[in-house]
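Input: a single structure, listed below in structure tokens.
The values are calculated or read from the model by the stated rules, or taken from the named source; none is laboratory data. This is a predicted model, so every value here is computed, not measured. Cβ sites come from the backbone with ideal geometry, for glycine too, and all protein chains shown count toward neighbours. SASA here: full protein model, heavy atoms, side chains in, ligands and nucleic acids out. Shrake-Rupley method; radii C 1.70, N 1.55, O 1.52, S 1.80 Å.
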Amino acid sequence: LQVGAEKMAESINMVILNSLLVLATWSQFGQSLDPQDKPLNVIFLMADQLRSDTLGCYGSKLAQTPNIDKLAAGGARFTNAYTSTPSCTPARTVILTSLSPWYNGMLGYGPIAPRYPIEMPRVFSSAGWYAYSIGKDHFGWNSSTDAGISHGYNKTDIYDGLLEEMDDYDKWFSETFPSVDSLGTGLEYNDYRGRVYALDEYFHPTSWVGRKAVEFIRAYDQKHPLFLKISFHRPHSPYDPPGRHMEKFRPEEMPKPYLGNNWDSNCNFSGPF
């Protein structure tokens, strides 16, 4: 988490559940609230394509992830956790619906349906939680309302990082810098190359998401319990960290990448790639 992690760790004094634990237990909140019970606030943290071997709590000697390490030390750390599909929108649909690809219909990359019979945020909001999503959903954009498709969230502030879609971050950035490229690096939105973020760190999408989350948590005063999803787009491409993060690491100190034993040389795939 490139920016705002220190402030976020100080600000979040509510119950934080490990994301996988949330997915395993969210269905219990589908019942009406018992007035005698004090419902939990739930914060669901995500980071797109964040590998376990880039985290100190999973043994990396090079990683500098003190706040994630604190969450791991105070909670449950999974050493064997699997996704039912290692692809973008299909995996996100599993999180949204709790159904595997064979049951939610997303067997490959494509647009997520506008609504499913059961959706995690709708379960929370229907049971009395205030459900708010900040950052990457990739659940679609409603051009009529000029907002993310809610799927049961009471409010969304979206950064999906898609060229073909204007989202809340894009609107904020274009109002701030009408004639400036929000990437500013010459990279494409899904570029495999990496460069230092060209603008001030304040304007980076990761800063925007972290700042929104911290400001919201500090100001939240509603009587309803909170279900807050904070979803960081990076380290998904484009690889454009602010300079101060790039300066912490030297190429010669980086571990060598894992290389397969030409596992794909015998594949008879005749697709478009």
Legend entry - Any chance residue 74 is surrounded by fewer than 12 Cβ atoms within 10 Å (Cβ to Cβ) and at pLDDT 90 or above: yes
Legend entry - Out of 173, 227, sole residue that is free of Cβ contacts under 8 Å to residues at least 40 places away in the same chain, open to solvent by less than 10 Å² (accessible area, probe 1.4 Å) and not acidic (Asp, Glu): 173
Inset, instruction - Output the qualifying pairs, or none if there are none: Cβ atoms under 6 angstrom, residues six or more apart or on different chains, first residue in the range 62-73 and among the hydrophobic types (A, V, I, L, M, F, W, C), second residue surrounded by 12 or more Cβ atoms within 10 Å (Cβ to Cβ). - result: 63/54; 63/55; 63/56; 68/55; 72/57
Legend entry - Criterion violated by residue 165 - all others in (1) free of Cβ contacts under 8 Å to residues at least 60 places away in the same chain; (2) open to solvent by 40 Å² or more (accessible area, probe 1.4 Å); (3) not in a helix (DSSP H, G or I) satisfied: (2)
Inset, instruction - Could you check, for the range 87-107, whether at least one of its residues is closer than 29 Å to residue 238 by Cβ, among the hydroxyl-bearing types (Ser, Thr, Tyr) and open to solvent by 20 Å² or more (accessible area, probe 1.4 Å)? - result: yes
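Please state which one of 240, 191, 221 is open to solvent by less than 20 Å² (accessible area, probe 1.4 Å), among the acidic types (Asp, Glu) and at pLDDT 90 or above.
Matching residue, one of 240, 191, 221: 240.
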